[in-house]
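The values are calculated or read from the model by the stated rules, or taken from the named source; none is laboratory data. Source: prediction; values computed, not measured. Reconstructed Cβ throughout: ideal geometry from the backbone, glycine too, with neighbour counts over all protein chains shown. These area figures cover heavy atoms from the full protein model, side chains too; ligands, DNA and RNA do not enter into them. Shrake-Rupley method; radii C 1.70, N 1.55, O 1.52, S 1.80 Å.
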Amino acid sequence: MINITSFNQKGTYKQPNIFGYYGDFGGAYIPEMLHRNVEELKSRYLEIMYEPGFQQEFQALLKDYVGRPTPLFLAERLSKKYNTTIYLKREDLNHTGAHKINNAIGQVLLAQRLGKKRIIAETGAGQHGVATATVCALKGIECVVYMGEVDIERQAPNVARMKMLGAKVVPATSGSKTLKDATNEAIRAWINDPLETHYVIGSVVGPHPYPDMVARFQSVISEEVRWQLKEKTGSELPTHVIACVGGGSNAAGAFYHFLDDDNVQIIAVEAAGHGINSGMSAATTQLGKPGVLHGSKSLVMQTADGQVVEPHSISAGLDYPGIGPMHAHLYATGRGKFLSATDNESLAAAFQLTRLEGIIPALESAHALCALDQLKLSPRDVIVVCLSGRGDKDLSTYMKAMENVASQS
Ligand SMILES: *Cc1c(COP(=O)(O)O)cnc(C)c1O
């Protein structure tokens with residue numbers, strides 16, 4: 001159980017200070033109209049989250065609905081290839097196929113206790129939208145999902161899932177018509193109906209207290225890894241924890257309970273797209289500057305005059321021009337090591353895992369696997385890779401990659 005009184009004035013790697021800052025990053029930069037809502041959330045989220053009745057319902061759903069604990073799998077053939085010991089944390093086996101459901105359940109249960117009647121969410125590839133629509137169906141709550149018009153076309157199966165689940169999918173038609181525009185639309189909708197609506201943010205981004213709240217809901221990942229590793233190796237501590245970072249929620253969950261253990265190396269992998277300096281990338285720590293995006297101060301990919309730069313990644317879940325403030329702090333202090341992987345490297349890593357272990361990963365998760373090629377690993381290392389999701393949604397991309405290889409040979 002997490003100590004809810006452990007906020008301190010300076011903040012820690014895990015938790016922000018009372019104003020929502022992790023070091024220089026975080027805070028709550030919001031329009032006046034949302035002030036009351038964000039204040040209400042801030043003053044009540046910890047008390048609600050750690051109330052025994054809430055925990056009972058949350059834990060029961062994680063177990064019987066999501067299928068937790070997810071396995072910690074010793075990947076023997078992958079380990080042999082890198083001459084070390086590699087465990088995969090199988091978030092891909094969760095209901096709806098990724099880690100996002102952990103947070104969606106937590107926030108919908110919280111919204112119910114705040115007396116909210118309606119849920120809104122933003123989504124890029126549709127994974128967070130599907131997770132949120134799923135929990136709203138389960139609980140019989142109205143759900144509206146904002147999605148860029150371009151993404152609606154690209155992600156038809158997830159749009160169909162959301163509709164079948166009873167959610168209303170509203171196209172965002174401004175800007176590049178992708179995730180950041182959908183986020184702007186969702187914020188606008190929230191401003192129009194702040195009292196009855198809860199906005200379920202899908203990653204460790206947004207104004208305080210969202211980053212801390214989402215990190216706590218996802219921290220179940222590292223909570224499980226600790227006892228699972230103890231069972232398998234006799235020690236709770238790995239040498240490395242590796243996760244991909246879009247906004248950073250699966251990484252925050254995988255890192256959380258190891259952040260105070262200095263001997264555990266924290267490795268985050270961002271999407272380099274066509275290459276960090278190609279102009280087609282989403283490697284925020286490498287390219288970003290401090291700035292405010294979607295309610296908090298963090299690192300943001302932007303032009304000299306502060307316009308947000310269009311990101312690119314082959315994986316929709318990593319295609320975001322910002323990063324959660326916790327990660328900006330881990331980067332700035334050096335507590336976390338930030339690597340990046342290109343589209344092509346990630347495709348290769350996805351095929352390698354599939355052939356060595358019989359597991360088709362999400363393209364996002366494949367980025368995390370690329371760290372294995374970049375780190376100097378020893379046979380005595382014990383590495384945990386967070387496999388954030390399954391690859392079903394990426395099959396058409398994988399098929400195209402196979403056709404390309406076939407046509408070149
Ligand atoms: C959405 C998504 C991500 C990226 O989001 P984070 O908040 O950075 O975790 C990573 N992996 C999968 C499978 C996703 O669906």
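Among the residues of region 397-409, just one is open to solvent by 30 Å² or more (accessible area, probe 1.4 Å) and within 14 Å of ALA349 (Cβ to Cβ), namely THR397.
Here is the figure for region 370-380: residues that are free of Cβ contacts under 8 Å to residues at least 60 places away in the same chain and crowded, with 18+ Cβ neighbours inside 10 Å total 0.
Identify all residues within region 8-35 that are under 16 Å from TYR331 (Cβ atoms) and either open to solvent by 20 Å² or more (accessible area, probe 1.4 Å) or over 19 Å from the mean Cα position of the chain (by Cα) (or both); write none if there are none. Steps first, answer last, please.
Restricting attention to region 8-35, the residues satisfying the condition of being under 16 Å from TYR331 (Cβ atoms) are 11-14, 16, 21-26.
GLY11, THR12, TYR13, LYS14, TYR21, GLY23, ASP24, listed by residue number.
Checked against (1) open to solvent by 10 Å² or more (accessible area, probe 1.4 Å); (2) charged (D, E, K, R); (3) within 22 Å of the chain's Cα centre (by Cα), GLU196 passes all but a single condition, namely (3). Looking at this structure, is HIS208 in contact with a Lys or Arg (Cβ under 6 Å, 6 or more places away or on another chain) and surrounded by 21 or more Cβ atoms within 10 Å (Cβ to Cβ)? Against the criterion (in contact with a Lys or Arg (Cβ under 6 Å, 6 or more places away or on another chain) and surrounded by 21 or more Cβ atoms within 10 Å (Cβ to Cβ)), HIS208 does not qualify. Within the set PHE338, PHE351, the sole residue that is surrounded by fewer than 23 Cβ atoms within 10 Å (Cβ to Cβ) and within 16 Å of the chain's Cα centre (by Cα) turns out to be PHE338. Taking the conditions exactly as written (within 30 Å of ALA371 (Cα to Cα), assigned by TED's automatic domain parsing to the domain that holds TYR199 and open to solvent by 50 Å² or more (accessible area, probe 1.4 Å)), does ARG154 satisfy them or not? Considered against the rule, which asks whether it is within 30 Å of ALA371 (Cα to Cα), assigned by TED's automatic domain parsing to the domain that holds TYR199 and open to solvent by 50 Å² or more (accessible area, probe 1.4 Å), ARG154 comes out as yes.
Name the residues in region 294-310 that are touching a residue at least 40 places away in the same chain (Cβ under 8 Å) and open to solvent by less than 60 Å² (accessible area, probe 1.4 Å), would you?
Step one: list which residues in region 294-310 are touching a residue at least 40 places away in the same chain (Cβ under 8 Å), which gives 294-299, 308, 310.
Correct list: HIS294, GLY295, SER296, SER298, LEU299, VAL308.
All conditions in (1) within 17 Å of the chain's Cα centre (by Cα); (2) modelled with pLDDT of 95 or more hold for GLN265, with the sole exception of (1). Only a single item in (1) outside any helix (DSSP H, G or I); (2) closer than 16 Å to LYS337 by Cα; (3) open to solvent by less than 20 Å² (accessible area, probe 1.4 Å) is not met by GLY291, and it is number (2). Selection of first residues in region 233-245 that are under 30 Å from SER281 (Cβ atoms) and of second residues that are within 16 Å of the ligand (Cβ to nearest atom) and modelled with pLDDT under 95, restricted to Cβ pairs under 7 Å at least 6 apart or on distinct chains, gives the following pairs, ordered by first then second residue: CYS244/LEU318. Restricting attention to region 233-264, which residues are aliphatic (A, V, I, L, M), over 20 Å from SER346 (Cβ atoms) and within 11 Å of the ligand (Cβ to nearest atom)? Answer for region 233-264, where residues must be aliphatic (A, V, I, L, M), over 20 Å from SER346 (Cβ atoms) and within 11 Å of the ligand (Cβ to nearest atom): just ALA252.
Please note which helices (runs of 4 or more DSSP H) are completely contained in region 301-374 and include at least 2 residues that are within 16 Å of the ligand (Cβ to nearest atom). Before the answer, list the steps.
On the way: elements: 325-333, 343-357, 363-369, 371-374.
Output list reads 325-333, 343-357, 363-369.
One residue alone among ARG216, ARG188 is in a helix (DSSP H, G or I), over 30 Å from TYR13 (Cβ atoms) and either at pLDDT 95 or above or not aliphatic (A, V, I, L, M) (or both), and that residue is ARG188. Summed over region 47-101, residues that are under 21 Å from VAL200 (Cβ atoms), in a loop (DSSP other than H, G, I, E, B) and open to solvent by 50 Å² or more (accessible area, probe 1.4 Å) total 2. Restricting region 381-396 to residues that are in contact (Cβ under 8 Å) with a residue 40 or more places away in the chain and open to solvent by 40 Å² or more (accessible area, probe 1.4 Å), the residue that is farthest from THR85 (Cα to Cα) is LYS393.
Listed here are the residues, each with its yes/no results for (1) of a type in the set (A, V, I, L, M); (2) closer than 25 Å to SER365 by Cβ.
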{"position": "GLY27", "(1), (2)": "no, no"}
{"position": "PRO31", "(1), (2)": "no, no"}
{"position": "ILE48", "(1), (2)": "yes, no"}
{"position": "ALA60", "(1), (2)": "yes, no"}
{"position": "LYS63", "(1), (2)": "no, yes"}
{"position": "LEU78", "(1), (2)": "yes, yes"}
{"position": "LEU88", "(1), (2)": "yes, yes"}
{"position": "HIS99", "(1), (2)": "no, yes"}
{"position": "ASN102", "(1), (2)": "no, yes"}
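Scan region 250-276 for residues that are open to solvent by less than 60 Å² (accessible area, probe 1.4 Å) and part of a loop (DSSP other than H, G, I, E, B) and jot them down. Passing the criteria: LEU259, ASP261, VAL264, GLY275, ILE276.
Considering only region 179-186, I want to know if a residue exists there that is of a type in the set (S, T, N, Q), within 16 Å of the ligand (Cβ to nearest atom), over 24 Å from MET326 (Cα atoms) and in contact (Cβ under 8 Å) with a residue 12 or more places away in the chain. No, region 179-186 contains no residue that is of a type in the set (S, T, N, Q), within 16 Å of the ligand (Cβ to nearest atom), over 24 Å from MET326 (Cα atoms) and in contact (Cβ under 8 Å) with a residue 12 or more places away in the chain. For region 268-293, filtered to residues that are under 16 Å from the mean Cα position of the chain (by Cα) and in contact (Cβ under 8 Å) with a residue 60 or more places away in the chain, the residue that is farthest from LEU330 (Cα to Cα) is ALA271. Could you check GLY279 against (1) in a loop (DSSP other than H, G, I, E, B); (2) at pLDDT 95 or above and say which number it fails? The single condition GLY279 does not satisfy is (2).
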